[in-house]
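The values are calculated or read from the model by the stated rules, or taken from the named source; none is laboratory data. Values in this document were obtained by computation on a predicted structure and should not be read as measured data. All Cβ positions, glycine included, derive from the backbone under ideal geometry; neighbour counts span all protein chains shown. We work out accessible area using only protein heavy atoms, side chains counted, and drop any ligands, DNA or RNA first. Shrake-Rupley method; radii C 1.70, N 1.55, O 1.52, S 1.80 Å.
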Amino acid sequence: MRAVILIHGFLTNVDDFKNLVPSLEELYDLVYLYEVPGHSIPPQYKYFNTKATFKTLLEAYDKLSLEYSEIDCVGFSMGGALATYLQSVRKINNLVLLAPANKYLNFKIFRNRINLINSLKQAIKVNKGKDETISTYKERLKAIEKDDKISQEMAFKMLFPHYSIHNLSTFRTIVKKCNEEIISINCPCLLIWGRLDQLVPYESVKELYDICVNNKKKLVVYDDISHLMLNSYNHQKIVDEIVLFLGACKNE
């Protein structure tokens, strides 16, 4: 019996994985959506605290381990940091980290964004007359615009209203504890990051990749993906990458 635990991000909820769950249900006997305390729908952040987060996460794993012989884990953002903690203190067979927030604040976001948009616009000019090629570049620009709109909607609806000192302090404490527990990553690990990530810098995925001692590790970087990850306009390529990785692990 095989299960997978999905751990969502800070001030979001289990909907972070709505575009991934249907594909994982074809691979696993159980897809378990772990809900960080306080991150219900609607949220009740008065219940969001460090102790409860680690306690309920371990309880969820321990309960699953009584029934399922193999447990994988997929973590996004803060959930990615929590996934690295979980693999440090429990047995995780395969690990997927989506923009894990073990390090946060991407100071290169504006430079990366400007460079990408300028390069796409330049490519459109250079390929004038080649309609099929130009349409590809225009579609990428369209995807960036759509992701900007989605990001703004999520920020005003879910993030900004709840950016309190309490929530930010809890987030920082959780990430700190996760990092203190990490010595190495021993299981097969897929790390995915986008250069347009507004929060997580490249150093976060690179350092985690470097401490993974399993030879079945993979780091995928998308030039035009932001911190939206699975909520992005072009999320299908991320879903396909995850399914390919976890499906291959299942068949070995």
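The combined condition, being more than 18 Å from the chain's Cα centre (by Cα) and within 23 Å of Q236 (Cα to Cα), is fulfilled by D29. Of the residues making up the range 215-227, those that are in contact (Cβ under 8 Å) with a residue 24 or more places away in the chain, open to solvent by 20 Å² or more (accessible area, probe 1.4 Å) and out of contact with any strand residue (DSSP E or B) (no Cβ under 6 Å at 6 or more places or on another chain) are K216, H227.
Tell me, yes or no, whether the range 236-251 has at least one residue that is among the acidic types (D, E), open to solvent by less than 70 Å² (accessible area, probe 1.4 Å), under 29 Å from R2 (Cα atoms) and in contact (Cβ under 8 Å) with a residue 12 or more places away in the chain. Looking through the range 236-251, at least one residue is among the acidic types (D, E), open to solvent by less than 70 Å² (accessible area, probe 1.4 Å), under 29 Å from R2 (Cα atoms) and in contact (Cβ under 8 Å) with a residue 12 or more places away in the chain. Could you please find all residues in the range 185-207 being open to solvent by 10 Å² or more (accessible area, probe 1.4 Å), part of a helix (DSSP H, G or I) and not acidic (D, E)? Of everything in the range 185-207, those that are open to solvent by 10 Å² or more (accessible area, probe 1.4 Å), part of a helix (DSSP H, G or I) and not acidic (D, E) turn out to be Y202, K206. In the range 112-125, the residues that are touching a residue at least 24 places away in the same chain (Cβ under 8 Å) and among the polar types (S, T, N, Q) reach residues that are open to solvent by 90 Å² or more (accessible area, probe 1.4 Å) and outside any helix (DSSP H, G or I) with C-beta atoms within less than 6 angstrom, at least six apart or across chains, in these pairs: N112/R195.
Can you confirm whether N102 is under 21 Å from E180 (Cβ atoms), within 20 Å of the chain's Cα centre (by Cα) and modelled with pLDDT of 95 or more? It is true that N102 is under 21 Å from E180 (Cβ atoms), within 20 Å of the chain's Cα centre (by Cα) and modelled with pLDDT of 95 or more.
Taken together, the residues in the range 128-184 that are among the β-branched types (V, I, T), farther than 19 Å from H39 by Cα, open to solvent by 60 Å² or more (accessible area, probe 1.4 Å) and part of a helix (DSSP H, G or I) amount to 1.
Which of the residues belonging to the range 95-114 are open to solvent by 40 Å² or more (accessible area, probe 1.4 Å) and of a type in the set (A, V, I, L, M, F, W, C)?
Step one: list which residues in the range 95-114 are open to solvent by 40 Å² or more (accessible area, probe 1.4 Å), which gives 103-105, 107-108, 110-111, 113-114.
The answer is L105, F107, F110, I114.
This table checks each residue for (1) surrounded by fewer than 18 Cβ atoms within 10 Å (Cβ to Cβ); (2) over 13 Å from the mean Cα position of the chain (by Cα); (3) more than 13 Å from A99 (Cα to Cα).
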{"position": "Y209", "(1), (2), (3)": "yes, yes, no"}
{"position": "V213", "(1), (2), (3)": "yes, yes, yes"}
{"position": "L230", "(1), (2), (3)": "no, no, no"}
{"position": "Y233", "(1), (2), (3)": "no, yes, yes"}
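Hey, among the residues in the range 1-47 that are among the hydrophobic types (A, V, I, L, M, F, W, C), part of a loop (DSSP other than H, G, I, E, B) and touching a Phe, Trp or Tyr at 6+ places or on another chain (Cβ under 9 Å), which one's most open to solvent (accessible area, probe 1.4 Å)? Filtering first and then ranking leaves M1. Set side by side, the residues I117, I92, I71, I124 differ, and just one is touching a Ser or Thr at 6+ places or on another chain (Cβ under 7 Å), open to solvent by less than 40 Å² (accessible area, probe 1.4 Å), farther than 14 Å from S204 by Cα and not polar (S, T, N, Q), which is I71. When E67 is tested against the conditions (1) part of a helix (DSSP H, G or I); (2) over 22 Å from V213 (Cβ atoms); (3) in contact (Cβ under 8 Å) with a residue 12 or more places away in the chain, the lone failure is (1).
In the range 229-238, is there at least one residue being among the charged types (D, E, K, R) and part of a helix (DSSP H, G or I)? The answer is yes, given that some residue of the range 229-238 is among the charged types (D, E, K, R) and part of a helix (DSSP H, G or I).
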